[in-house]
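Peer 1: This is the structure I have questions about; it appears just below.
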Amino acid sequence: ASMSPQTETKASVGFKAGVKDYKLTYYTPEYETKDTDILAAFRVTPQPGVPPEEAGAAVAAESSTGTWTTVWTDGLTSLDRYKGRCYRIERVVGEKDQYIAYVAYPLDLFEEGSVTNMFTSIVGNVFGFKALRALRLEDLRIPTAYIQTFQGPPHGIQVERDKLNKYGRPLLGCTIQPKLGLSAKNYGRAVYECLRGGLDFTSY
């Protein structure tokens, strides 16, 4: 039986106001993960009245291709190619109303060689979502295929040591404080004192 308006929580009312069911598209328990998928494990606490499968699907949708309502541009792309998929939900033992939602993302969603883009996509928008009371990213598997798109540093520690002529010990540095407000003269004085004192580098 459906809840009467008098007994519905504000959260559940807000969730129902114009929000479509995500689990029809983004909850795919039959999905077999690929070696090239980025896999994320989220600890999810749904709002009262929201099934865990719907909450997991909402995370997959909002962190990939989904939006809260149907838009005509959905028909202009292949969602099956780009969408995130919640492929498993597990109850957290010993915790009330907490679940682990496992989500798979295809590599085509992400910019090559960009940690910032990856994390912005996965966790940048979903934490304020109405269907969820609480959410935490617990684990992430980054496939070799994505790791190989990162060029890495232009050279290694040995080149740094050669440039500094420092061997056999850690390289030491500091951040100049305050970060804002120092004149060029006083900033230069602080850097000079740090380097004269034995530090190898400073940053700001």
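Peer 1: Go over the candidates ILE147, ILE142 one by one and state the one that is within 30 Å of SER64 (Cα to Cα), loosely packed, with under 12 Cβ neighbours inside 10 Å and modelled with pLDDT of 90 or more.
Peer 2: Numbers: ILE142 fails: loosely packed, with under 12 Cβ neighbours inside 10 Å.
Exactly one residue qualifies, and that residue is ILE147.
Peer 1: Within the stretch 110-122, can one find any residue that is in a strand (DSSP E or B), at negative phi and assigned by TED's automatic domain parsing to the domain that holds ALA41? Write out each step before concluding.
Peer 2: So the first thing to find is which residues in the stretch 110-122 are in a strand (DSSP E or B), and the list is none.
Within the stretch 110-122 (the criterion being in a strand (DSSP E or B), at negative phi and assigned by TED's automatic domain parsing to the domain that holds ALA41), the answer is no, since none of the residues qualifies.
Peer 1: Within the stretch 33-62, how many residues turn out to be over 11 Å from LEU135 (Cα atoms), touching a residue at least 60 places away in the same chain (Cβ under 8 Å) and either outside the structural domain of LEU107 (by TED's automatic domain parsing) or small (Gly, Ala, Ser) (or both)?
Peer 2: 2
Peer 1: For GLN47, indicate whether it is modelled with pLDDT of 90 or more, more than 23 Å from ARG141 (Cα to Cα) and under 23 Å from the mean Cα position of the chain (by Cα).
Peer 2: Values: modelled with pLDDT of 90 or more: yes; more than 23 Å from ARG141 (Cα to Cα): yes; under 23 Å from the mean Cα position of the chain (by Cα): yes.
Considered against the rule, which asks whether it is modelled with pLDDT of 90 or more, more than 23 Å from ARG141 (Cα to Cα) and under 23 Å from the mean Cα position of the chain (by Cα), GLN47 comes out as yes.
Peer 1: Residue by residue through the stretch 145-200, note down the ones that are in a helix (DSSP H, G or I), within 30 Å of ASP108 (Cα to Cα) and free of Cβ contacts under 8 Å to residues at least 60 places away in the same chain. Walk me through it before giving the result.
Peer 2: Step one: of the stretch 145-200, the residues in a helix (DSSP H, G or I) are 145-147, 157-164, 184-196.
Those left that are additionally within 30 Å of ASP108 (Cα to Cα): 145-147.
ILE147 - this is the single residue of the stretch 145-200 that is in a helix (DSSP H, G or I), within 30 Å of ASP108 (Cα to Cα) and free of Cβ contacts under 8 Å to residues at least 60 places away in the same chain.
Peer 1: Identify all residues within the stretch 59-92 that are among the small types (Gly, Ala, Ser), outside any loop (DSSP other than H, G, I, E, B) and modelled with pLDDT under 90; write none if there are none. Before you say what the answer is, go through the steps one by one.
Peer 2: From the stretch 59-92, those among the small types (Gly, Ala, Ser) are 60-61, 63-64, 66, 75, 78, 84; that's our starting set.
Narrowing further to those that are outside any loop (DSSP other than H, G, I, E, B): 60-61, 75.
ALA61, GLY75 - these are the residues of the stretch 59-92 that are among the small types (Gly, Ala, Ser), outside any loop (DSSP other than H, G, I, E, B) and modelled with pLDDT under 90.
The values are calculated or read from the model by the stated rules, or taken from the named source; none is laboratory data. Everything numeric here is computed off the predicted structure, so don't read it as measured data. With ideal geometry, Cβ positions are generated from the backbone for all residues, glycine too; neighbour counts draw on all protein chains shown.
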